[in-house]
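The block underneath contains the structure these notes are about, expressed in structure tokens.
The values are calculated or read from the model by the stated rules, or taken from the named source; none is laboratory data. Predicted, not measured: the structure shown is a model, and the values here were computed from it. No Cβ is skipped: glycine too gets one built from the backbone with ideal geometry, and neighbour counts run over all protein chains shown.
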Amino acid sequence: MILNMNYALRIKNVSKTIKKQKVLDQISLEIRKGEIFGFLGHNGAGKTTTMKSILSVVKIDTGTIEVLGWSITDREIRKKIGFMPENTYLYKHLSGEEFLSFNAGFYSLENQLLEKRKTEILEKVWLTHAREKKLSKYSKWMLQRIGIAQALLHNPELIFLDEPMSGLDPMGRKMVKDLLLELKSEGKTIFFNTHILSDVEAICDSFAIIASGKIRRKWYIHELDEPLESIFMESMKDMKRNSEYT
């Protein structure tokens, strides 16, 4: 069922309780197509649960989620989504190229298209030289890049990245930021979880702050009239005043 095509993502009043703890509390978000959206929050704030709820990895208790104008319950929409989890499970006995071929099986890519996409994506993430190298020999930085590569392999319209720059050195973070901007120029929409404020300020069109399962702030970057750090810290103070920080 086609709903609203103007947005890449619409979340309305989504809640989720896990082991008697309310992890998401009536959260609502709207992200326009072609935007880079940064989802900020402390560890345990609800960022990853939100992302997994959007992807139907976690079943929500209440609320609605629309992706690219479709209900997330429509299976066809999943072919238009790319996802890199924070801790990607990697089969270390595979080479980088073999790992991409394995993941292509989820999207039924034809062999000729697959070979073309593997070459393009490995070049895009600077791993052409390591395509035949075993993942067990990859550095953390290389593993991060092959994780991003598998999320892009099937040319998705909407890309979810969970902490894509976590643990990277300045050069690595610069490469990922440049890649995200390149994807945006191609018309892709990017949703990424992070706790690195400077990365959000540098490349995002919009952002939201989540704390203890509640959305505290939603803004467009061009609307900011004070540093993002100040806004983030004020959001944390509001949360503590309400005695919700655990």
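The single condition among (1) among the hydroxyl-bearing types (Ser, Thr, Tyr); (2) more than 16 Å from Met84 (Cα to Cα); (3) touching a Leu at 6+ places or on another chain (Cβ under 8 Å) that Ser206 does not satisfy is (3).
Annotation note: of Leu113, Leu179, Leu135, the sole residue that is surrounded by fewer than 18 Cβ atoms within 10 Å (Cβ to Cβ) and at pLDDT below 95 is Leu113. Can you list residue pairs whose Cβ atoms sit under 9 Å apart, with the first residue in segment 220-238 being assigned to a loop (DSSP other than H, G, I, E, B) and the second being surrounded by 16 or more Cβ atoms within 10 Å (Cβ to Cβ)? Count only pairs 6 or more apart in sequence or on different chains. Close Cβ pairs (under 9 Å, with a partner that is surrounded by 16 or more Cβ atoms within 10 Å (Cβ to Cβ)) amount to Leu224/Ile231; Pro227/Leu197. Asp25 falls short on exactly one of the conditions (1) among the acidic types (Asp, Glu); (2) within 24 Å of Glu157 (Cα to Cα); (3) touching a residue at least 60 places away in the same chain (Cβ under 8 Å), and that condition is (2).
Among the conditions (1) in a strand (DSSP E or B); (2) of a type in the set (Gly, Ala, Ser); (3) surrounded by fewer than 15 Cβ atoms within 10 Å (Cβ to Cβ), the only one that Ser108 does not satisfy is (1). For segment 138-158, a residue qualifies if it is outside any helix (DSSP H, G or I), out of contact with any Ser or Thr (no Cβ under 7 Å at 6 or more places or on another chain) and crowded, with 20+ Cβ neighbours inside 10 Å, and the qualifying residues are Tyr138, Leu153, His154, Pro156.
Listed by position, the strands (runs of 3 or more DSSP E) contained in segment 1-85 that have at least 2 residues being surrounded by fewer than 22 Cβ atoms within 10 Å (Cβ to Cβ) are 7-18, 21-32, 62-67, 81-84. Considering segment 159-176, and only residues there that are assigned to a loop (DSSP other than H, G, I, E, B) and among the small types (Gly, Ala, Ser), the residue that is modelled with the highest pLDDT turns out to be Ser166.
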